[in-house]
Amino acid sequence: EFRRFLKEPKIKECVSNNRGVVYDLIASHGNVEDMVFFAVLMQDFEKVISHYLQQDDYNGALLILRKQSDVELYYKFSPLLMQYIPKETVTAWIAKSAELEPMKLIPALVQYDHDKYREQGNEAITYLEFCVEKLTNKEMAIHNYLLSLYAILRPDRLMQYLDIQGTDPDEICYDLKYALRLCMEHDRKKACVHIYSLMGLYEEAVDLALDVDVELAKTQAEKPEDTDDELKKKLWLRIARHVVEKEKDVKRAMEFLHECDLLKIEDILPFFPDFVTIDHFKDAIITSLQEYNSHIETLKEEMDEATGSAEEIRKEIQSFRNKYSTVKANDKCAACNYPLMTRGFYLFPCQHKFHSDCLIEEVIPNLTTTKKNRVVDLQRKLAEHESSKLQQQQSNDLSSLNIPKHLDIKAELDDLVASECLYCGDFMIRCVDKPFIDEEEEDQSHSSWN
């Protein structure tokens, strides 16, 4: 009678506006069944779910939760449901995955007693794997928690996950430092080796890999860039030392000479005990001596070539001592086209001639900032020296004039601005793509044409 009475539209509206009073009235009579019916009729699903949870009817609560559409109720009640019916709860999440945000379900996934709630942890892994594999979720919190569950509950899947994530630190979704700390805490050595390698800590990776497997250590030793031969050799020596001193395997250590071209017999000999028969090293020593003999022959050839080149250079220097160039009175500066002999100038072997200040003015814009500043500083020092020289000439006191220092300054300035001809040297090649006029001059030219 009560349920039929509530289905009347006007009565339903009135009751809805006073639902608190109706709840109290029904509760005072202890009529639980009618109260649940009324809550469903009012679409007050939060109250219905709370009622089922109070009665420890978790499946009933989940059934109501799945029938309603308010996702906020999933976030509110999932932590409790996950403790008692984890499998059914995760199934409900996956069915509702299009509307749920995995980040907001983390409070329901987090657990503290993994021995007591192992089933909960396994179901959490199921959901997180669904998020990562099916939903392609990239959020770090999701990946970090999945990795922690692997490390604690499913170590068999840990390395598979790390391999899938790849080796590019920019593409990895989990936090490397957190992962390393977690794997060390739970003694997941292979995972630690993998993470050390990703972080560029190859020495630590090799040292830890030696506690697991020598082959794993050899793999890590090959990971540094090919240009870093010094580090590679250092890593291989660590492995060789371990094999000799800890495993007492002389034969295996000798095999490293063939596996790594950077190692020589003399590199690993210090690791062996004093009383080891030479039979173990016979082949390696013969090979090493042959390589040294070949290297010595190569060095001899290079020395002969160097000697020949030095002789040619000496002949050229001798010929340059007797070489000269003539400057005529009417010669002009190649830069400003004014008479050359009006002030100091540079003469190059190619016969191009420049006033000193013209050459410096042309060269300075193409120098680096450091060299520009140095040229300006040297010019200032030369100017100060000339000024000091003039004053001392006027006073007939040249005793304190530092001529060698002046020549050093001049020589350094020459090296910076006159090491090559402005038109015939590398400078002109570097300027081959430079426009004949800059953008400002080009705009002015265009405007003048119009």
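The values are calculated or read from the model by the stated rules, or taken from the named source; none is laboratory data. Since we're looking at a predicted model, the values are computed, not measured. Reconstructed Cβ throughout: ideal geometry from the backbone, glycine too, with neighbour counts over all protein chains shown. All accessible areas refer to the heavy atoms of the entire protein, side chains included, with ligands and DNA or RNA removed. Shrake-Rupley method; radii C 1.70, N 1.55, O 1.52, S 1.80 Å.
Could you check Ile85 against (1) open to solvent by 30 Å² or more (accessible area, probe 1.4 Å); (2) β-branched (Val, Ile, Thr); (3) modelled with pLDDT of 75 or more and say which number it fails? Of the numbered conditions (1) open to solvent by 30 Å² or more (accessible area, probe 1.4 Å); (2) β-branched (Val, Ile, Thr); (3) modelled with pLDDT of 75 or more, the odd one out for Ile85 is (1). For the range 368-380, a residue qualifies if it is surrounded by 15 or more Cβ atoms within 10 Å (Cβ to Cβ) and in contact (Cβ under 8 Å) with a residue 12 or more places away in the chain, and the qualifying residues are Arg374, Val375, Leu378, Gln379. Take the residues in the range 198-238 that are within 27 Å of Tyr174 (Cβ to Cβ) and of a type in the set (Ser, Thr, Tyr), then tell me which one is modelled with the lowest pLDDT. Top of the filtered list is Thr219.
Within the range 340-355, if we keep just the residues that are of a type in the set (A, V, I, L, M, F, W, C) and not in a loop (DSSP other than H, G, I, E, B), the residue that is most open to solvent (accessible area, probe 1.4 Å) turns out to be Met341.
Please verify whether Ile94 is open to solvent by 40 Å² or more (accessible area, probe 1.4 Å), at pLDDT 90 or above and within 26 Å of Gly60 (Cα to Cα), treating the condition exactly as stated. When the stated conditions are applied, Ile94 passes them. Residue count for the range 239-251 under the criterion of being modelled with pLDDT under 70 and charged (D, E, K, R): the result is 4.
Residues that are open to solvent by 10 Å² or more (accessible area, probe 1.4 Å) and within 28 Å of Ala205 (Cα to Cα) occur at least once in the range 131-138.
Restricted to the range 326-339, and to residues there that are surrounded by 10 or more Cβ atoms within 10 Å (Cβ to Cβ) and of a type in the set (Gly, Ala, Ser), the residue that is farthest from Val363 (Cα to Cα) is Ala334.
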